[in-house]
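Enquirer: The structure's right below; bear with me while I get my questions together.
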Amino acid sequence: MSDIEQIPVTLTVNGKKVQRFVEPRTLLIHFLREELNVTGPHIGCETSHCGACTVEMNGMSVKSCTLFTAQADGAELTTIEGMANADGTLSALQEGFRQMHGLQCGFCTPGMITRAHTLLKENPNPTEEEIRMGIAGNLCRCTGYQNIVKAIQYAAAKLNGTDIQEAAE
Amino acid sequence: MIPGEFTYHRPSSVAEAVAILVSHGDEARPLSGGHSLIPMMKLRMAAPEHLVDLAGIADLKGISESGDNIVIGAMTTQNELINSALLTEKLPIIRETSLLIADPQIRYVGTLGGNVANGDPGNDMPALMQCLNASYVLAGPDGEREVAAREFYEAAYFTALAPEELLTAVKIPVPPAGHGFAYEKLKRKVGDYATAAAAVVLTMNGSSVDFCSIALTNVSDTPLYAGDASAILTGSTLDSDTIKRAVAAAEAITDPASDARGPAEYRTKMAGIMLQRALTRAAERANR
């Protein structure tokens with residue numbers, strides 16, 4: 001066992017307050033997955049490129065593989081587990097990803113939806129270009145991104161109360 | 001990939017942070033956004049025994065105007081630079097450059113101070129700070145000192161920053177209203193470091209250049225202030241012969257590595273191309 005002193009952290013994860021002692025070197029993604037059993041955020045590249053581990057921290061999209069849990073002390077986190085509507089129905093983004101076939105294997109999807117959630121809060125009516133730049137930190141190896149962009153456009157339209165385009169073929 | 005063990009410190013003042021650095025010497029590293037340091041720690045290429053997280057020091061945040069300077073706290077994130085109305089008005093080249101760094105998630109966390117203090121030749125802000133003739137405020141056990149960005153970089157990852165010092169702020173002289181500017185960066189994909197990049201700030205008086213400053217990213221083991229190229233263009237009308245001479249002078253000071261971004265000769269030529277494009281765009285933007 002390590003001689004290094006464990007440190008206390010308090011976080012709010014998907015509305016629930018959690019308090020734990022962690023080794024300082026514990027990365028946020030490992031804390032979420034292994035300590036809290038919040039396994040929606042995925043470990044993809046582990047090098048801050050792929051975005052599969054994206055979570056929302058204090059209103060910002062962050063890559064939880066490149067943050068120590070200690071840096072998130074006191075923060076409010078939202079993961080894919082916290083995305084559904086309060087009554088359990090799918091959020092506009094989740095519905096958009098289903099309707100527009102915004103996923104194939106699904107590995108990148110938690111990161112994509114969590115990132116898009118923050119993007120739409122900051123920019124409720126993004127252009128296609130803004131969506132593409134907004135998800136530039138999230139890699140998908142299946143879809144070619146077309147349907148992911150359409151899914152985010154679907155969600156933006158639904159949230160804005162405008163017409164939703166037809167579903168993908 | 002799990003980093004090695006370390007003791008975590010979270011000081012709430014610069015003095016406290018410096019005291020921790022003094023007591024642990026080069027076994028301690030300051031942690032700002034961590035998006036350079038944490039990946040290095042995961043690869044075990046960095047293994048600090050003490051990590052000094054600067055996030056709890058309120059004094060290191062914020063963007064303000066002080067006389068003829070804009071002062072940016074070291075812990076100001078790229079995202080905060082991008083969204084700053086003051087910078088968009090007075091120093092729009094900073095926003096343009098920040099938007100070319102990494103990706104949205106990393107820009108929420110990555111800081112100006114970390115970007116300039118790390119000494120990674122791939123980072124974009126160091127050359128921009130040389131172009132703008134910024135200076136860095138360094139706090140150490142004997143108080144503060146200022147070092148010009150053009151004097152700060154010694155070799156890759158070697159800078160004027162001593163192990164017991166902390167870079168606390170960046171001071172940038174505000175260029176005249178109506179100046180032209182451009183940061184041109186060639187990269188293989190979003191989020192990549194530059195194959196080559198050029199920063200240009202200039203002012204025009206009618207058809208001639210009143211003032212010009214140029215710096216280059218990632219074409220040597222330090223950022224490069226291109227003083228000769230800047231001097232060649234000053235007073236010119238940006239005619240093609242003068243631009244050719246300035247580009248040649250800028251290319252002459254490069255010394256890039258041959259790596260996955262291309263052979264050295266290619267990267268030198270791309271630095272020249274980025275400079276030409278940046279000059280054209282800066283001149284278009286300048287008030288006459």
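Enquirer: Show me the GluC sites (Glu not before Pro) within region B:1-92 that DSSP assigns to loop and that have at most 13 other Cβ atoms within 10 Å of their Cβ.
Expert: Filter output for region B:1-92: B:E5.
Enquirer: Which of B:A196, B:A46, B:A264 ends up with the largest GNM mean-square fluctuation for chain B, with Cα atoms connected below 10 Å?
Expert: Ranking B:A196, B:A46, B:A264 by mean-square fluctuation puts B:A46 first.
Enquirer: Kindly identify the protein assembly as shown as rounded, prolate or oblate by the Cα gyration tensor criterion: order the square roots of the eigenvalues as a ≥ b ≥ c, call it rounded if a/c is under 1.5, otherwise compare a/b with b/c, prolate if a/b is larger, else oblate.
Expert: oblate
Enquirer: Related question: Between 0 and 90 degrees, rounded to the nearest ten: what's the tilt of helix B:14-24 against the longest Cα principal axis of chain B?
Expert: Tilt of helix B:14-24: around 70 degrees.
Enquirer: For chain B, find the longest principal axis of its Cα atoms and tell me its angle to the long axis of helix B:240-252, 0 to 90°, nearest 10.
Expert: On a 0 to 90 degree scale, this one is about 30.
Enquirer: For the pair B:A156 and B:D26, what calculated FRET efficiency results from E = 1/(1 + (r/R0)^6), where r is the Cβ-Cβ distance and R0 = 22 Å, to the nearest 0.05?
Expert: 0.80
Enquirer: List, in order, the whole-Hz ³J(HN,Hα) value for each residue of region A:120-132 obtained from phi through the Karplus relation with A = 6.51, B = -1.76, C = 1.60 and θ = phi - 60°; use x for Gly and Pro.
Expert: After applying 6.51 cos²θ - 1.76 cosθ + 1.60, I find 6, 5, 7, 9, x, 10, x, 6, 4, 4, 5, 5, 5 Hz.
Enquirer: Which of A:R132, A:R33, A:R25 moves the most in a Gaussian network model of chain A with Cα springs under 10 Å?
Expert: In this elastic network of chain A, the residue with the biggest mean-square fluctuation among A:R132, A:R33, A:R25 is A:R25.
Enquirer: Taking just the alpha carbons, could you work out the radius of gyration and Dmax for region B:60-173, both in angstroms?
Expert: 13.1, 38
Enquirer: I would also like to ask the following. Determine, from the Cβ-Cβ distance of B:R44 and B:A260 and an R0 of 22 Å, the FRET efficiency 1/(1 + (r/R0)^6), rounded to the nearest 0.05.
Expert: Efficiency, from the Cβ-Cβ distance: 0.50.
Enquirer: With n ≥ 4 as the cut-off for DSSP H runs, can you work out [θ] at 222 nm for the protein assembly as shown, using -39500 (n - 2.57) per run divided by the number of residues, rounded to the nearest 500?
Expert: -9000 deg cm²/dmol
Enquirer: Would you please state which residues of region B:174-190 a label at B:N287 would reach in this model, taking the label point 7 Å out along Cα→Cβ and a backbone N cut-off of under 14 Å?
Expert: B:175-181
Enquirer: If the cut-off is 15 Å between C-alpha atoms, which aspartates and glutamates fall inside it for B:K171, apart from same-chain ones fewer than 8 positions away?
Expert: Leaving aside aspartates and glutamates fewer than 8 places away in the same chain, those within reach of B:K171 are B:D59, B:E65, B:D68, B:E144, B:E146, B:E151.
Enquirer: To the nearest Å, what is the center-to-center distance of region A:28-44 and region B:152-173, using C-alpha atoms only?
Expert: 36 Å
Enquirer: Let's see if you can work this out: charge +1 on each Lys and Arg Cβ, -1 on each Asp and Glu Cβ, no other charges. What is the dipole magnitude of the protein assembly as shown about its Cα centre, in debye to the nearest 20?
Expert: 1120 debye
Enquirer: Excluding residues fewer than 8 places away in the same chain, name every one of the lysines whose C-alpha is closer than 25 Å to that of B:K269.
Expert: Within the straight-line cut-off, B:K269 pairs with B:K185, B:K187, B:K189, B:K244.
Enquirer: Counting pairs on different chains as well as pairs 8 or more places apart, how many Lys pairs in chain A have Cα atoms under 19 Å apart?
Expert: 4
Enquirer: Let me ask something else. Any idea what the relative contact order of chain B is, in percent, if you count C-alpha pairs under 8 Å spaced at least 6 apart?
Expert: The value is 16 percent.
Enquirer: Once Lys and Arg get +1 and Asp and Glu get -1 on their Cβ, which of A:N123, B:A17, A:V9 lies farthest toward the positive end of the dipole of the protein assembly as shown?
Expert: The residue sitting farthest along the positive end of the dipole is A:N123.
Enquirer: Separate question: Among B:M1, B:I57, B:A198, which residue has its Cα furthest toward the positive end of the charge dipole of the protein assembly as shown, with +1 on Lys/Arg Cβ and -1 on Asp/Glu Cβ?
Expert: Selected residue: B:A198.
Enquirer: Here's a follow-up. Choose one answer from B:L166, B:L238, B:L81: the residue with the largest mean-square fluctuation in a GNM of chain B with alpha-carbon springs under 10 Å.
Expert: Comparing B:L166, B:L238, B:L81 in the GNM, the peak value goes to B:L238.
Enquirer: Please state the charge dipole magnitude for chain B, taken about the Cα centre, from unit charges on C-beta atoms (+1 on K and R, -1 on D and E), reported in debye and rounded to the nearest 20.
Expert: I would put it at about 1060 debye.
Enquirer: How many angstrom lie between the Cα centre of region A:79-141 and the Cα centre of region B:7-67?
Expert: Region A:79-141 and region B:7-67 have Cα centres separated by 33 Å.
Enquirer: Output the Cα-based Rg and Dmax of region B:181-285 in Å, rounding Rg to one decimal and Dmax to a whole number.
Expert: 13.2, 43
Enquirer: In whole Å, how far is the Cα centre of region B:86-132 from that of region B:236-288?
Expert: 20 Å
Enquirer: If you put +1 on each Lys and Arg Cβ and -1 on each Asp and Glu Cβ, how big is the dipole of region B:224-288 around its Cα centre, in Debye rounded to 20?
Expert: That gives region B:224-288 a dipole magnitude of about 280 debye.
Enquirer: A further question on this structure: Relative to the first principal axis of the alpha-carbon coordinates of chain A, what is the inclination of helix A:146-160, with its axis defined by its Cα atoms, in degrees from 0 to 90 and to the nearest 10?
Expert: That helix lies at roughly 90 degrees to the long axis.
Any read-out appearing in this document is the output of simple, stated calculations on the displayed coordinates, not a laboratory observation. Given the structure is predicted, the values throughout are model-derived calculations rather than measurements. Methodologically, a virtual Cβ is constructed for each residue, glycine included, from the backbone with ideal geometry; neighbour enumeration extends over all protein chains shown.
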